[in-house]
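Structure first, then comments.
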Amino acid sequence: MTPLQDGLSFEHVSQRVERLPLAADRRPHVTIRGLSKRFDNTVIYDKFDLDIPRGELISIFGPNGCGKSTLINIIAGLIPADAGQVLFDGMLLKEIKFGYVFQNYREALFPWLTALDNICYPLKMMKVPNDERRARTEKLVARLGIKLNLGLFPYQMSGGQQQLVSIMRALVVEPEILFLDEPFSALDYEMTLFMREQLQRLFMESGTTMVLVSHDLEEAVYLADRVLLLSRYPARVADFTPVAAPRPRGLSTLSEPEFVRTKAHCLNVFQREVRRS
Ligand SMILES: Nc1ncnc2c1ncn2[C@@H]1O[C@H](COP(=O)(O)OP(=O)(O)OP(=O)(O)O)[C@@H](O)[C@H]1O
């Protein structure tokens, strides 16, 4: 067993996990039409259109400040668009269940609640009875194969464990879509590698559509079914690159010729967009 921080180990995440079949149809899960957003005089999006396929993990990558976080924040309803429409299978955000994982897990968890109570919290807001809340949370943790003492408070957990609790809290409501804004950027490298495997496992287990903002091209390609490459603002889709590598992906994936080619292609598109400014 490869020991990691505070009782987490690589062993259980390295088990081969069979990928749940994707939904047979490839109709878009999210449709974005005519999205416009400006901050002061800066136009970040101008009549932006995008389809996000169902059951895929989409990484968003692009030049600094191009509008990656703005895009997921608008889709997730955290900030308003100036114009345009975002629909989820034809429904509005308020009609669906979704989750959001913030970069700053330290501020995202309630420090006075245990891991279990943090994860249960959204169910409490949904007025799910206490017994059922606990049962659903324990079932989720067991299903995901995560070894974590749920009686610990955030200050007793490593950064990775806290972020894992944040992700489980987002998943406990069985969201149709999960948004993650640079979820690992505050973690050290060892924990980042571990958490990538955890996220891949969660994605394969749940089949939830996921939209991830990443600053790390290798991470963006490694985790994604497709990489959304944005131009500088006003942002447009520079490319929406499919990543063909089979799952579960591991360290050997990084040196496979197809993976290396895909990453090089994304880097070329990125550099073209950076030079365009
Ligand atoms: N609330 C705001 N008020 C004014 N300008 C903002 C606001 N939020 C974002 N911006 C600006 O809009 C642009 C896009 O911001 P956003 O955070 O979406 O970019 P990003 O691609 O996620 O950035 P980064 O690569 O730095 O993470 C940036 O130039 C940013 O300075």
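The values are calculated or read from the model by the stated rules, or taken from the named source; none is laboratory data. Small disclaimer: the values here were computed from a predicted structure and weren't measured. We place every Cβ from the backbone using ideal geometry, glycine too, and count neighbours over all the protein chains shown.
Here are the numbers for the structure shown:
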quantity: Subset of the stretch 105-137 that is within 22 Å of the chain's Cα centre (by Cα) and not in a helix (DSSP H, G or I) - its residue that is farthest from residue 213 (Cα to Cα); calculated: 110
quantity: Hey, residue 126 more than 27 Å from residue 222 (Cβ to Cβ) and not assigned by TED's automatic domain parsing to the domain that holds residue 254 or not; calculated: yes
quantity: Some residue of the stretch 169-185 being of a type in the set (Ser, Thr, Tyr) and at pLDDT 90 or above; calculated: no
quantity: Matching residues, the stretch 75-104, being part of a helix (DSSP H, G or I) and farther than 22 Å from residue 48 by Cα; calculated: 95
quantity: Single match in 60, 52, 72 (criterion: crowded, with 16+ Cβ neighbours inside 10 Å, within 16 Å of the ligand (Cβ to nearest atom), of a type in the set (A, V, I, L, M, F, W, C) and closer than 23 Å to residue 174 by Cβ); calculated: 72
quantity: Any chance residue 194 is buried (at least 16 other Cβ atoms within 10 Å of the Cβ) and of a type in the set (Phe, Trp, Tyr); calculated: yes
quantity: Residues of the stretch 105-128 satisfying the condition of being farther than 25 Å from residue 55 by Cα and loosely packed, with under 14 Cβ neighbours inside 10 Å; calculated: 107, 110, 111, 112, 124, 125, 127
quantity: Which listed residue is among the acidic types (Asp, Glu), on the phi > 0 side of the Ramachandran plot and more than 16 Å from the ligand (Cβ to nearest atom), from 89, 117, 131; calculated: 89
quantity: Unique match (being within 16 Å of the ligand (Cβ to nearest atom), touching a helix residue (DSSP H, G or I) at 6+ places or on another chain (Cβ under 9 Å) and aliphatic (A, V, I, L, M)) among 217, 152; calculated: 217
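Matching residues to (1) closer than 17 Å to residue 233 by Cβ; (2) modelled with pLDDT of 95 or more:
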{"site": "45", "(1), (2)": "yes, yes"}
{"site": "52", "(1), (2)": "no, yes"}
{"site": "56", "(1), (2)": "no, yes"}
{"site": "62", "(1), (2)": "yes, yes"}
{"site": "69", "(1), (2)": "yes, yes"}
{"site": "75", "(1), (2)": "yes, yes"}
{"site": "83", "(1), (2)": "yes, yes"}
{"site": "87", "(1), (2)": "no, yes"}
{"site": "90", "(1), (2)": "no, no"}
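Residue-wise test of (1) assigned by TED's automatic domain parsing to the domain that holds residue 275; (2) within 16 Å of the ligand (Cβ to nearest atom); (3) farther than 21 Å from residue 65 by Cα; (4) part of a helix (DSSP H, G or I).
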{"position": "187", "(1), (2), (3), (4)": "yes, no, yes, no"}
{"position": "194", "(1), (2), (3), (4)": "yes, no, yes, yes"}
{"position": "235", "(1), (2), (3), (4)": "yes, yes, no, no"}
{"position": "244", "(1), (2), (3), (4)": "yes, no, yes, no"}
